[in-house]
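Reviewing the structure listed below.
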Amino acid sequence: QVQLVESGGGLVQPGGSLRLSCVASGSLSGRASMGWYRQLPGKKRDLVATIDSSGMSTYVDSLMGRFTISRDNAKNTIYLQMNSLKPEDTAVYYCYYREIRGTYWGQGTQVTVAP
């Protein structure tokens, strides 16, 4: 089993920044990919960014340039730096961990962008 704990969400004004963290623990694989999804109110969960075990990252085109994903393998942690936040970025952000045994999810962290 793998456990994921996200943190760093909160209320921020438009144009502000937040950094989300996700710590993985348990029976971890050295080849897992990790990343972030988000779920806007009333919408399905959508991919935000991914990062593999080597550090290669991918992004949804619409978020590239504002969001940056990174990974610290020594700490089993990934981060999502979010800059120039907009009200439409308001969502619950979920971390995932994916390897051969399956995909594990965190509980989500709320990000609210409002004046």
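The values are calculated or read from the model by the stated rules, or taken from the named source; none is laboratory data. The structure displayed is predicted, hence computed values, not measured ones. Glycine gets a Cβ as well: all are built from the backbone with ideal geometry, and neighbour counts include every protein chain shown. For accessibility, only protein heavy atoms count, side chains too; no ligands or nucleic acids. Shrake-Rupley method; radii C 1.70, N 1.55, O 1.52, S 1.80 Å.
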Contact order relative to length of the chain, as percent, for alpha carbon pairs under 8 angstrom and 6 or more apart: 37
Keeping all protein chains in the complex and leaving out DNA, RNA and ligands, what accessible area do you get for Asp72 with a 1.4 Å probe, in Å² to the nearest 10? 40
Given a 1.4 angstrom probe, what's the average accessible area per residue across the chain, in square angstrom? 52
Of the listed peptides 83-96, 35-48, what is their order by residue-averaged count of other C-beta atoms within 10 Å, with the highest listed first? 83-96, 35-48
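Ranked by accessible surface with a 1.4 Å probe, highest first, in what order do Leu18, Leu11, Leu28 come? Before the final figure, lay out each step's value.
On the way: Leu18 30, Leu11 130, Leu28 60 Å².
Ranking Leu18, Leu11, Leu28 by accessible area, largest first, yields Leu11, Leu28, Leu18.
Keeping every protein chain in place, order Val60, Val23 by accessible area at 1.4 Å, biggest value first, i.e. largest first.
Working: Val60 45, Val23 65 Å².
Result, largest first: Val23, Val60.
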Given a 1.4 Å probe and every protein chain left where it sits, what share in percent of the accessible area of the stretch 53-115 is carbon and sulfur? 53
Magnitude of the charge dipole, the chain, Cβ model with Lys/Arg +1 and Asp/Glu -1, debye to 20: 120
So how exposed is Ser70, as accessible area in Å² (1.4 Å probe, rounded to 10)? 50
